[in-house]
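Asks: Okay, here's the structure, questions in a sec.
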Amino acid sequence: MAGLTLKRPTRPRALISLVPMIDVMLILLVFFMVTSTYLNLDMIPAARRAEAPGAPPSGPGESGTVMIRLGADGVPVLRGRAMGGAALTAALAGVLAETPLAQVIVLPSGAATTQALVSVMDAAAQAGAVRLRVVRLEARP
């Protein structure tokens with residue numbers, strides 16, 4: 001029993017786990033996806049900006065906003081009046097003659113048919129609208 005040596009087993013090297021990093025990246029991905037939908041907050045202007053005292057008045061080339069509501073029955077409503085296809089085209093043409101860069105916003109009801117929405121978009125295109133946007137508001141549960 002001359003020399004008894006005990007050897008401890010060598011510890012295996014610790015592995016670096018990528019699971020926590022992947023979890024953090026997924027959380028960041030979800031966060032940026034949710035917040036990116038709110039970046040364009042001035043999509044529908046709530047009110048016109050007041051002109052500065054020394055600024056020139058708005059001319060006919062200024063851009064404005066026209067909102068068309070599309071009800072569940074498929075009848076478009078412009079400025080509180082229900083209009084058919086030809087009347088809507090004529091009314092939009094009159095508005096676009098005054099403000100050529102007016103933005104036309106269509107706000108369809110969830111129960112409106114796709115054909116009614118396409119008809120309103122077609123009427124806006126025939127009136128000469130170059131800035132057309134469809135906005136669908138969803139009810140919160």
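Computed from the coordinates by the stated procedures, all read-outs in this text should not be read as laboratory data. Since we're looking at a predicted model, the values are computed, not measured. Don't worry about glycine lacking a Cβ; one is built from the backbone with ideal geometry, like all the others, and counts go over all protein chains shown.
Asks: Which ones in the range 68-118 are of a type in the set (Lys, Arg) and part of a loop (DSSP other than H, G, I, E, B)? Full working, then the answer.
Replies: Filtering the range 68-118 for residues of a type in the set (Lys, Arg) gives 69, 79, 81.
Within the range 68-118, Arg79 is the sole residue that qualifies.
Asks: Please verify whether Leu88 is surrounded by 18 or more Cβ atoms within 10 Å (Cβ to Cβ) and farther than 16 Å from Thr65 by Cβ, treating the condition exactly as stated.
Replies: Details: surrounded by 18 or more Cβ atoms within 10 Å (Cβ to Cβ): yes; farther than 16 Å from Thr65 by Cβ: yes.
Answer is yes for this residue.
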